[in-house]
1. Taking the stated definitions as given, is B:Asp145 closer than 16 Å to B:Tyr90 by Cα and surrounded by fewer than 20 Cβ atoms within 10 Å (Cβ to Cβ)?
2. Name every residue in segment B:173-197 that is farther than 20 Å from B:Glu39 by Cβ and crowded, with 17+ Cβ neighbours inside 10 Å, in order of residue number.
3. It is to be established whether one or more residues within segment B:64-86 are among the polar types (S, T, N, Q), modelled with pLDDT of 95 or more and part of a loop (DSSP other than H, G, I, E, B).
4. Quick one: is B:Tyr4 surrounded by 13 or more Cβ atoms within 10 Å (Cβ to Cβ), touching a strand residue (DSSP E or B) at 6+ places or on another chain (Cβ under 8 Å), at pLDDT below 95 and over 23 Å from A:His120 (Cα atoms)?
5. If B:Val139 satisfies every condition in (1) farther than 28 Å from A:Asn130 by Cα; (2) in contact (Cβ under 8 Å) with a residue 12 or more places away in the chain; (3) within 14 Å of chain A (Cβ to nearest Cβ) but one, which is the exception?
6. So which of B:Lys126, B:Lys109 ends up being of a type in the set (Lys, Arg) and touching a residue at least 40 places away in the same chain (Cβ under 8 Å)?
7. Being surrounded by fewer than 19 Cβ atoms within 10 Å (Cβ to Cβ), over 16 Å from B:Val60 (Cα atoms) and touching a strand residue (DSSP E or B) at 6+ places or on another chain (Cβ under 8 Å) is the filter here, so list the residues in segment B:82-105 that pass it.
Protein chains: 2
Amino acid sequence: MFHYPNGKPYKPSESSVQKSTSKKKDSSFSNRGKTLEDEINETNTYYLNQQIAIIHKKPVPVQIVKVEYPSRSAAVIREAYFRTPSTTDYNGVWNGYYIDFEAKETESKTSFPLKNVHLHQVNHMKEVTNQKGITFTIVKFTTLDRYFIVPFNVLHEAWQMMECGGRKSIPLSVFESKTIEIQPGYNPRIDYLTVIKKMIANEN
Amino acid sequence: MFHYPNGKPYKPSESSVQKSTSKKKDSSFSNRGKTLEDEINETNTYYLNQQIAIIHKKPVPVQIVKVEYPSRSAAVIREAYFRTPSTTDYNGVWNGYYIDFEAKETESKTSFPLKNVHLHQVNHMKEVTNQKGITFTIVKFTTLDRYFIVPFNVLHEAWQMMECGGRKSIPLSVFESKTIEIQPGYNPRIDYLTVIKKMIANEN
């Protein structure tokens, strides 16, 4: 009946679930086992504190069925289900611009599988573009430890080709030629707005 | 430990929880017992379908603690808690403008109690204003069946006066003189963007 995301069971991130004792091993010194979500959240907190931009991750949508109200303590949700998100995960405002994006990881060393992206997300990004918002995808090749900012038109083109029977992934070479690679830093960790700023300057 | 919202137990809306048999009585023909949230959601769906704007309600934030994965069926959340939202409930993009607002109901016939608004929401709206986003509050006086679009500066002024020891509510007379009353329609139900459009036109 329900799959989230992509039929995979829900994998809680550091920020959405209490920490457990079994932790993913550090994959490198530079990312210290953090998920891309954690890195983006850190970046957004930096932007917020520095009053650079107001960008938040949307909560995971759940269908709440049963709630208990124990006396003198917090309400407890006892039955709920994951719902399919109808938008991307992150949005907000920066200097009058509407910013809207998705963050995706892949362990592949050679290409980004388009099954990581949902049709409703592509449609949402198309609608945002029509309303003159700025929308893109941040893709992390976790094994390579490389990060790319993918403008919507690049994703859209690959998606349309897939729908016409073309390949189901975007090769790394396309990332290298048509997207913008971003070097992770200390703080902000993934300074995507600097890239967006340049993209806007180039358009005008 | 946790209160949401305003120490009240969670009241599920039509859209977030499966419908139960006990339904709130219709309070009038025109609103048919719908909550303001339902009315705003309908309006946003209209805007979306007509390609006027892309505005969504954010999911209720929950802290997920325990998830079960029954074989061959959907994952079930068995323990979760409500978290305090750090932003307003609705945001999106309209014609290049970032739109961000909160919707609040009151049963009072004479004033809107400021305890309906949270400090973090006021702070968020202040930050959005600094980033040149458009932010406001839609207030419904349910007993009077009247709707108002409250520009952020009106809310902010009342909030600051309260913090300096002033009154803890905004009188209806202030709504009538300093905010914009909106007549509910059939479709779109609460056409707030038309009001915003006029506000922008008046500013320029």
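1. So B:Asp145 does not fit the description; no.
2. B:Val174
3. Within segment B:64-86, not a single residue is among the polar types (S, T, N, Q), modelled with pLDDT of 95 or more and part of a loop (DSSP other than H, G, I, E, B).
4. Answer is yes for this residue.
5. (3) is the only condition that B:Val139 fails.
6. B:Lys109
7. B:Gly96, B:Glu105
To keep it simple, each residue is scored yes or no on (1) surrounded by fewer than 23 Cβ atoms within 10 Å (Cβ to Cβ); (2) among the β-branched types (Val, Ile, Thr); (3) out of contact with any Leu (no Cβ under 6 Å at 6 or more places or on another chain).
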residue	(1), (2), (3)
B:Val76	yes, yes, yes
B:Asn116	yes, no, yes
B:His120	yes, no, yes
B:Lys126	yes, no, yes
B:Asn130	yes, no, yes
B:Leu155	no, no, yes
B:Ile170	no, yes, yes
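The values are calculated or read from the model by the stated rules, or taken from the named source; none is laboratory data. This is a predicted model, so every value here is computed, not measured. As a convention, Cβ positions derive from the backbone with ideal geometry for all residues, glycine included, and neighbour counts pool all protein chains shown.
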